[in-house]
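Novice: Below is one structure. I have some questions about it.
The values are calculated or read from the model by the stated rules, or taken from the named source; none is laboratory data. Everything numeric in this text was worked out from a predicted model, so none of it was measured. Heads up, the Cβs are rebuilt from the backbone with ideal geometry, glycines too, and the neighbour counts pull from every protein chain shown. Areas reflect the complete protein model, heavy atoms only, side chains present, ligands, DNA and RNA absent. Shrake-Rupley method; radii C 1.70, N 1.55, O 1.52, S 1.80 Å.
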Amino acid sequence: MNPIESLNAVCPWCDAPLEMEIDLTAGDRCYVEDCQICCSPILVNLTLSPTPDDDFRVTLTREGD
Ligand SMILES: [Zn+2]
């Protein structure tokens with residue numbers, strides 16, 4: 001599994017398509033990343049699958065909501 005995955009997502013603030021780099025080496029985590037378009041804080045919730053050949057899950061929500 002590549003430790004850095006790129007993900008096509010949509011900003012929960014402005015609906016702009018985003019390309020995000022997801023670092024899978026740190027395990028499950030939550031962090032805030034600014035939208036590349038509207039600069040609003042996006043809360044990124046990363047969950048890794050317990051099985052190595054399965055996928056990971058990313059949820060984007062509005063920080064502060
Ligand atoms: Zn945005």
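Novice: Within region 1-22, count every residue that is assigned to a loop (DSSP other than H, G, I, E, B) and either modelled with pLDDT under 95 or open to solvent by less than 50 Å² (accessible area, probe 1.4 Å) (or both).
Specialist: First, the residues of region 1-22 that are assigned to a loop (DSSP other than H, G, I, E, B): 1-3, 11-16.
Keeping just the survivors that are either modelled with pLDDT under 95 or open to solvent by less than 50 Å² (accessible area, probe 1.4 Å) (or both) gives 1-3, 11-12, 16.
Result for region 1-22: 6.
Novice: Something else: Do we have any residue at all in region 24-32 that's within 13 Å of the chain's Cα centre (by Cα), within 16 Å of the ligand (Cβ to nearest atom) and either at positive phi or assigned to a loop (DSSP other than H, G, I, E, B) (or both)?
Specialist: no
Novice: Do you know which of the residues in region 33-48 that are within 14 Å of Glu63 (Cα to Cα) and open to solvent by 30 Å² or more (accessible area, probe 1.4 Å) is nearest to the ligand (Cβ to nearest atom)? Reasoning before the result, please.
Specialist: The first filter runs over region 33-48 and keeps only residues within 14 Å of Glu63 (Cα to Cα), leaving 33-35, 38-45.
Applying the additional criterion that residues be open to solvent by 30 Å² or more (accessible area, probe 1.4 Å) yields 33-34, 38-39, 41, 43, 45.
Working: Glu33: 11, Asp34: 9, Cys38: 3, Cys39: 7, Pro41: 10, Leu43: 13, Asn45: 17 Å.
My answer is Cys38.
Novice: Something else: For residues in region 23-52 being touching a residue at least 12 places away in the same chain (Cβ under 8 Å) and of a type in the set (D, E, K, R), which is nearest to Ala9 (Cα to Cα)?
Specialist: Glu33
Novice: On to the next question. Looking only at region 53-65, which residues are closer than 22 Å to Asp15 by Cα and either basic (Lys, Arg) or open to solvent by 100 Å² or more (accessible area, probe 1.4 Å) (or both)?
Specialist: Arg57, Arg62, Asp65
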